[in-house]
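The values are calculated or read from the model by the stated rules, or taken from the named source; none is laboratory data. Quantities reported herein were computed from a predicted structural model and do not represent experimental measurements. Glycine also receives a Cβ, built like all others from the backbone with ideal geometry; neighbour counts cover every protein chain displayed.
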Amino acid sequence: MKEVTMYIKPEKLEVVKEVLLKHGCGGMSVMSIMGCGIQMGDTKTVDFKGLRTNINLIPKIKVEAIVRDEIVEELLLDIRDKVATGQVGDGKVIIKSVEDVMRIRTGERGNDAI
């Protein structure tokens, strides 16, 4: 099993959800976050807890899903095909190995739990 973590533009969330569902991923976690990559975002000075600081963060969406090993490559190709605009800031996908998963309600383990 693999944990797939995607950092994407907010307007691409519905596309990513459709791709995950198409590949049989029945669950995901979605978080609204702020971040920057090589583009470094828009810089503006703000007061943060009494200190003046520069903030250069852009709104992003973080999507996490646990998927079966055999669908990872096809999923990555589909994400690239459907999400990429060719512009800086399209995002990143991180793949990590998952040792085990357990569904709390039933006690199912491994692929049966995802």
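Some observations on this one:
- Extreme residue, farthest from Val15 (Cα to Cα), among residues of segment 95-114 that are part of a loop (DSSP other than H, G, I, E, B) and in contact with a Gly (Cβ under 9 Å, 6 or more places away or on another chain): Asp100
- Any hit, segment 85-94, residues being part of a helix (DSSP H, G or I), in contact with a helix residue (DSSP H, G or I) (Cβ under 9 Å, 6 or more places away or on another chain) and closer than 21 Å to Lys22 by Cα: no
- Of all residues in segment 83-100, none satisfies the criterion of being surrounded by 13 or more Cβ atoms within 10 Å (Cβ to Cβ), β-branched (Val, Ile, Thr) and at pLDDT below 95.
- Pairing residues of segment 1-22 that are under 15 Å from Ile95 (Cα atoms) with residues that are hydroxyl-bearing (Ser, Thr, Tyr), at Cβ distances under 7 Å and at least 6 apart in sequence or on separate chains, gives Lys2/Ser97.
- For segment 14-26, a tally of residues being closer than 25 Å to Val101 by Cα and in a helix (DSSP H, G or I) returns 7.
- Residue-level check: of (1) within 13 Å of the chain's Cα centre (by Cα); (2) charged (D, E, K, R); (3) surrounded by 12 or more Cβ atoms within 10 Å (Cβ to Cβ), Glu14 misses just (3).
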